[in-house]
């Protein structure tokens, strides 16, 4: 999948392939789950089904659905480590495909929802999304993924294609195919990806545990089973980011320190020297061009 997305992006010349392809997603493409969703009695029922069996559509992401007073919140989060381009592709594709499906249920002029993405808006967002771009909030999600906030007033209205027997039969097929999402991720690589994609934000154990829908104790235990602590992973991820930025040479040490969450350059320099055995300045000098 990673190689396919990389090749497709290169051939198409598009840096936001997910936004373009997401517009063409249809429920009928998703086998028994798609049929079950189409036969749902209400939007609430549709969303609950989608969240339960979402791994049958996109195994590397999970979907969570919660009703909270006057708003419902639907969240899509990565469930495995993946290259940055692949992650951004899925975030954008899932956001747009959900918007397309939601408009199909609520009407193309509906304004009862907003979609928050962790990725930044493209320069040609109007061309890619048309007048629906107003429903999107790019760069407004703290950690990688998509969050949709939807007015609960639309959740319990009957849907025109409701078919209880059809939905029940199709849901049973989904359960037979795989009722529970497999947990085969490399947790260390997953945490590193989350940290890398959240530059400038000091993610805590609680943040990462919440994204995995586990307790902090469970997160610590899983990491321990892989021979590391959360602090080990954080230090390694920050060091990799710092080294990459120093090698690029496009930012000052002060800017890099701020981007990685350090309030003082001296603290960053001290930490970098302790972790890498050399000062940031000396490390950067290794990569200065020899004119």
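Tabulated values for the structure
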read-out	value
Between helix 84-106 and the chain: long-axis angle, C-alpha atoms, 0 to 90°, nearest 10	30 degrees
Helix axis angle, 187-196 relative to the chain longest principal axis, alpha carbon, degrees	80 degrees
Relative contact order (percent, whole number), the chain, Cα cutoff 8 Å, 6+ residue spacing	19 percent
Which of 24, 30 has the fewest Cβ neighbours within 10 Å, and the rest in rising order	24, 30
Region 115-187: relative contact order in percent, alpha carbon pairs under 8 Å with at least 6 residues between	32 percent
Label-point separation in nm, residue 153 to residue 265, each point 7 Å along Cα→Cβ	5.3 nm
GNM result for the chain, Cα springs below 10 Å: residue of 31, 22, 13 fluctuating most strongly	13
Likely footprinting exposure, 197, 247, fewest C-beta neighbours within 10 Å first	247, 197
Between 0 and 90°, nearest 10: helix 230-248 axis offset from the chain longest Cα axis	70 degrees
Mean ellipticity per residue at 222 nm, deg cm²/dmol - from DSSP H runs of n ≥ 4 across the chain, formula -39500 (n - 2.57)	-15500 deg cm²/dmol
Of 273, 52, 132, the one that fluctuates the most in a GNM where the chain has Cα springs shorter than 10 Å	273
Rel. contact order, % - alpha carbon contacts under 8 angstrom, at least six apart, region 136-251	26 percent
Full-stretch length increase - residue 240, residue 73 - with 0.36 nm per residue and alpha-carbon distance subtracted	56.7 nm
Residues 134, 148, sorted so that the one with the fewest Cβ neighbours within 10 Å comes first	134, 148
Among 226, 140, 173, residue whose mean-square fluctuation peaks in a GNM of the chain (springs only between Cα atoms under 10 Å)	226
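Every number in this text was worked out from the coordinates using simple rules, so none of it is lab data. Keep in mind that what you see is a predicted model, and the values were worked out from it rather than measured. Don't worry about glycine lacking a Cβ; one is built from the backbone with ideal geometry, like all the others, and counts go over all protein chains shown.
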